[in-house]
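To keep things clear, I will list the structure first and then write my remarks on it.
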Amino acid sequence: MTHSSAVSSGGDSHLPLTTGAAAPIVGGQAQLTNMGLALRTIMDCMAGNRDSPRLGLLYGYSGYGKSVGAAFAAARTNASYVCAKSVWTQRTLLEAIATSLGIVKLARTAPAILDQIIEQLTIHPRPLVIDEMDFLVKRQSVEIIRDIHDATAIAIMMIGEEALPSKLKEWERFDNRIRVMTAAQPATQQDALKLRDHYCRRVRVSDDLALRFLEACKGCTRRIVNNLNEAEREALASGQDHADLAWWGNRPIMTGDVQARRIQGAYA
């Protein structure tokens with residue numbers, strides 16, 4: 001088992017990927033750190049042969065852009081992409097995977113749909129990316145992924161929250177098939193400036209303000225984007241074409257922290 005670290009991946013993304021997390025960098029701009037990590041993870045899994053483990057994890061805290069990275073990696077490797085939902089049953093999962101593989105006429109029973117998936121991936125092998133894997137752990141659907149892994153030669157990358165690796169320890173036969181675990185990283189200074197360049201097109205947001213958002217949000221990509229959007233909105237509302245740290249002043253930064261309540265009329 002290997003543990004990936006941050007990588008610097010070359011290449012441009014021209015793919016208009018959208019997920020529940022912050023939107024990806026598109027239009028010829030360089031990859032963000034976790035986009036590169038996701039691509040490296042799935043490629044490491046693809047390097048395994050049929051007799052070696054080919055499961056991979058990309059895990060980390062909410063808002064780090066894991067889903068964006070997963071969708072990016074799926075597009076780059078022609079992988080099938082499935083994003084699990086909290087209400088999914090084992091049959092729902094099988095139906096979603098089958099549909100993502102282009103299987104139109106689904107069998108009547110769950111075991112038969114699993115057979116269809118295995119047959120399709122045997123004839124037309126392609127990697128599989130499963131986002132929101134924590135939901136499948138909660139719904140006891142983990143062994144379905146192992147069934148697909150063991151019956152085919154494909155790579156499977158799973159995306160989940162920070163505790164996902166420890167959750168999977170409950171399934172020993174599944175856990176020992178994991179080839180690579182990659183911890184998603186907080187946004188870097190370079191990432192923050194790339195996000196600024198992508199999202200702030202109508203107002204020039206200075207480096208010092210973008211990096212202040214990075215610091216206050218502790219590298220959470222989603223919150224950095226929220227604050228960049230807010231800075232652009234406020235600048236446009238006040239007729240500014242430039243926003244820097246001095247102009248921002250004491251305006252609050254959206255960090256997710258609970259603000260202390262100020263009671264009017266209370267003594268200091």
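The values are calculated or read from the model by the stated rules, or taken from the named source; none is laboratory data. This one's a predicted model, so the numbers in the text were calculated from it and none came from an experiment. Counting neighbours? That spans all protein chains shown, and the Cβs are built from the backbone with ideal geometry, glycine included. Ligands, DNA and RNA are stripped out before the accessible areas are found, and what is left, the full protein with its side chains, is counted by its heavy atoms. Shrake-Rupley method; radii C 1.70, N 1.55, O 1.52, S 1.80 Å.
Just the residues that are closer than 30 Å to residue 166 by Cα, part of a helix (DSSP H, G or I) and in contact with a Gly (Cβ under 9 Å, 6 or more places away or on another chain), please, taken from the range 193-221.
Initial filter on the range 193-221 (closer than 30 Å to residue 166 by Cα): 214-221.
Imposing the further condition that a residue be part of a helix (DSSP H, G or I) reduces the set to 214-216, 221.
Passing the criteria: only 221.
Scan the range 96-108 residue by residue and report those that are more than 21 Å from residue 153 (Cβ to Cβ), open to solvent by less than 40 Å² (accessible area, probe 1.4 Å) and part of a helix (DSSP H, G or I).
In the first step, residues of the range 96-108 are kept if they are more than 21 Å from residue 153 (Cβ to Cβ); the result is 96, 99, 104-108.
Pick out the ones that are also open to solvent by less than 40 Å² (accessible area, probe 1.4 Å) and you get 96, 107.
Within the range 96-108, just 96 meets the criteria.
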### Message
Can you list the helices (runs of 4 or more DSSP H) lying wholly within the range 109-175 that have 2 or more residues being within 27 Å of residue 36 (Cβ to Cβ)?
### Response
133-138, 142-151, 164-167, 172-175
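Kindly indicate whether residue 179 is open to solvent by 60 Å² or more (accessible area, probe 1.4 Å), assigned to a helix (DSSP H, G or I) and either under 30 Å from residue 79 (Cβ atoms) or not β-branched (Val, Ile, Thr) (or both). Explain how you work it out, then say what you get.
Details: open to solvent by 60 Å² or more (accessible area, probe 1.4 Å): yes; assigned to a helix (DSSP H, G or I): no; either under 30 Å from residue 79 (Cβ atoms) or not β-branched (Val, Ile, Thr) (or both): yes.
For residue 179, the condition - open to solvent by 60 Å² or more (accessible area, probe 1.4 Å), assigned to a helix (DSSP H, G or I) and either under 30 Å from residue 79 (Cβ atoms) or not β-branched (Val, Ile, Thr) (or both) - is not met.
Can you pull out the residues in the range 226-241 that are surrounded by 10 or more Cβ atoms within 10 Å (Cβ to Cβ) and at pLDDT 95 or above? Walk me through how you get there before you give the answer.
Of all residues in the range 226-241, those surrounded by 10 or more Cβ atoms within 10 Å (Cβ to Cβ) come to 226-236, 240.
Within the range 226-241, 226, 227, 228, 229, 230, 231, 232, 233, 234, 235, 236 meet the criteria.
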### Query
Of the residues in the range 62-95, how many are surrounded by fewer than 22 Cβ atoms within 10 Å (Cβ to Cβ), assigned to a loop (DSSP other than H, G, I, E, B) and either touching a Phe, Trp or Tyr at 6+ places or on another chain (Cβ under 9 Å) or among the basic types (Lys, Arg) (or both)?
4
### Query
residue 173: at pLDDT below 95 and open to solvent by 50 Å² or more (accessible area, probe 1.4 Å), yes or no?
yes
### Summary
Sole miss for residue 59 among (1) modelled with pLDDT of 95 or more; (2) open to solvent by less than 20 Å² (accessible area, probe 1.4 Å) is condition (2)
